[in-house]
Amino acid sequence: MSILEFGAAESSYLPPNITPARHVGISLSPSLMSLNPSLTETYVVDLNDVEDEIGINSDDVRQLGENSFDVIISTNTVEFLTSPREVFRSAFRLLKPGGMMFVSFLNKDAYKDQFGTAQTNLWEQFNDDQHIWVTGSFFRFSADEGWAGLKAFDISPEGAKSQDDGPLSFMSNGNKVMNMYVVQATKDMVEDVIDENDVEKSFTKKLWTVPRLEARDKMLVVPRLARNYDVLKEDPEKRDAMVNHMEHLPKVYECLIKMDQFAFPFNLQAQLAVDLISDTDFTATDEQIKALKMGLGLRKPNPEFWEPVGTLTAAIPPEEKVSLLSFIVPRFSTVPTASLEAFVTGLKPTISALRTKCPKMKDAEIQIVASELLACEILTGRSTRLEFASWLQEMSEEEVREILVARQSYRKEAMGEMRKMQEERMKEEEEEKETMRKYEEQLEAARKERTMVFNEKTGKMEEVEQK
């Protein structure tokens, strides 16, 4: 068995029948870890030094790899973590699928005299029941449903006030009540390949630890990933590229989280993100991210491209600009500069030609079709400027309207998905409320009908004789 211990000190309080082949200790105290006979390796690491939304910022932790440990334990440490989500994310990566993490802690007043000032404000303000819930939330918000079997136990021995020696003598502190709690969970299996029978479930698992995306974003991204995966079923190479490009979602969402959610709502942000990573040319290069920021108005548009594009497509509503952006942005750093120049210089004459051809069409509709035609023909290199001009001249008004109808079909589909998502979210919220109510009832019943306690003299969990 291999064990990783966060906040390791002079003792790990393991049952005597457990002797791990590998026991790695991580803490800021090399002197205390040197006294621990169980530890086979030790690393001095500050668990509060983290990389935002990624994990513990330590080369020692990174070199431990992924899926490396059967068990992770942490005793009386969680209350001092200033960035618990990042620590739990590192734990998730380090733990083997099926492995378990145990987080134990004493009641908040147990060591208040010695370490009270070091506890986080969050911990100081909450009571012990709330500590259980908040520790459970650290699991949940670090890897979503990647943590399975989330449970909590009160393992306080009946003689918690006693100062007698025993395996839990560390819990003695004068006449203070020393209660101990454990929150545990198991790492679920992360699928390497997409399950064709449940594509959405596979994508959900792949997003468990992707940073920058909130639960809301993941809920919106997953069905769109599944839809694009289905659309690309005839092209395995593009399918694989889309799955591999999921690693670029954090960079995209670093831009999207700065957007006004009312001008550019979450469902459209999700659609843009998925469409970008579904493009084989999108690799989130600096040039592409810069283009994305200019296209979204998060950065001053350059006068050569984005400024005229923004002016000439100003009437296009946000939901229609998604497709335009998702097609243009990946072309940066992948197509000749001449193609981008041909696109932007061709917009004005194309809009003028379409307005003459279709006088009853609205400005937004004209701009949608013009940008769509130029993107598909000029940016892809399918047509030269001369060939495009000749083809546009021969196009009938009916053909133009057919292109518009096909182009706008996405909007209706996106709105339908949004309604479905909202309904599912409301259902999940109700289910979560019901689950919480049942858990509270079970917790209260467990306190009244406790059948097991920890015997500090024998070091074992023992049955309590029922009265």
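The values are calculated or read from the model by the stated rules, or taken from the named source; none is laboratory data. All figures in this text were calculated on a predicted structure; none of them were measured in a lab. Cβ: placed from backbone, ideal geometry, glycine included. Neighbour counts: every protein chain shown. Only protein heavy atoms, including side chains, enter the accessible area calculation; ligands, DNA and RNA are left aside. Shrake-Rupley method; radii C 1.70, N 1.55, O 1.52, S 1.80 Å.
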Q: Sort out which residues of the stretch 234-260 are touching a residue at least 12 places away in the same chain (Cβ under 8 Å), charged (D, E, K, R) and in a loop (DSSP other than H, G, I, E, B), and write them in order of number.
A: K258
Q. Among the residues of the stretch 346-375, which ones are touching a residue at least 40 places away in the same chain (Cβ under 8 Å), of a type outside the set (G, A, S) and within 22 Å of T334 (Cα to Cα)?
A. E372
Q. Here are some residues: G98, G65. Which one is closer than 29 Å to P15 by Cβ and part of a loop (DSSP other than H, G, I, E, B)?
A. G65
Q: Could you list all residues from the stretch 97-126 that are over 19 Å from the mean Cα position of the chain (by Cα), at pLDDT 85 or above and open to solvent by 10 Å² or more (accessible area, probe 1.4 Å)?
A: G98, M100, F102, S104
(Q) Looking at V210, V231 in this structure, which one is under 20 Å from the mean Cα position of the chain (by Cα), without any contact (Cβ under 8 Å) to a residue 60 or more places away in the chain and at negative phi? (A) V210
(Q) Please go through (1) under 24 Å from S390 (Cα atoms); (2) exposed (fewer than 13 other Cβ atoms within 10 Å of the Cβ) for K300 and return the number of the only condition it doesn't satisfy. (A) (1)
Q. Got a sec? Which of L81, L14 is under 22 Å from K187 (Cβ atoms) and touching a helix residue (DSSP H, G or I) at 6+ places or on another chain (Cβ under 7 Å)?
A. L81
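A quick yes/no check of all residues on (1) touching a helix residue (DSSP H, G or I) at 6+ places or on another chain (Cβ under 7 Å); (2) at pLDDT below 90; (3) among the charged types (D, E, K, R):
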{"site": "R212", "(1), (2), (3)": "yes, yes, yes"}
{"site": "A215", "(1), (2), (3)": "yes, yes, no"}
{"site": "V231", "(1), (2), (3)": "no, yes, no"}
{"site": "E234", "(1), (2), (3)": "no, no, yes"}
Q | Residue check, P37 surrounded by 20 or more Cβ atoms within 10 Å (Cβ to Cβ) and out of contact with any strand residue (DSSP E or B) (no Cβ under 7 Å at 6 or more places or on another chain) | A | no
Q: Scan the stretch 44-61 residue by residue and report those that are at pLDDT below 95 and open to solvent by 70 Å² or more (accessible area, probe 1.4 Å).
A: E51, D52
Q) Restricting the search to the stretch 262-284, which residues are within 11 Å of P318 (Cβ to Cβ) and either in a loop (DSSP other than H, G, I, E, B) or among the charged types (D, E, K, R) (or both)? A) F262, A263, F264, P265
Q. Has the stretch 277-286 got at least one residue that is of a type in the set (G, A, S) and open to solvent by less than 10 Å² (accessible area, probe 1.4 Å)?
A. yes
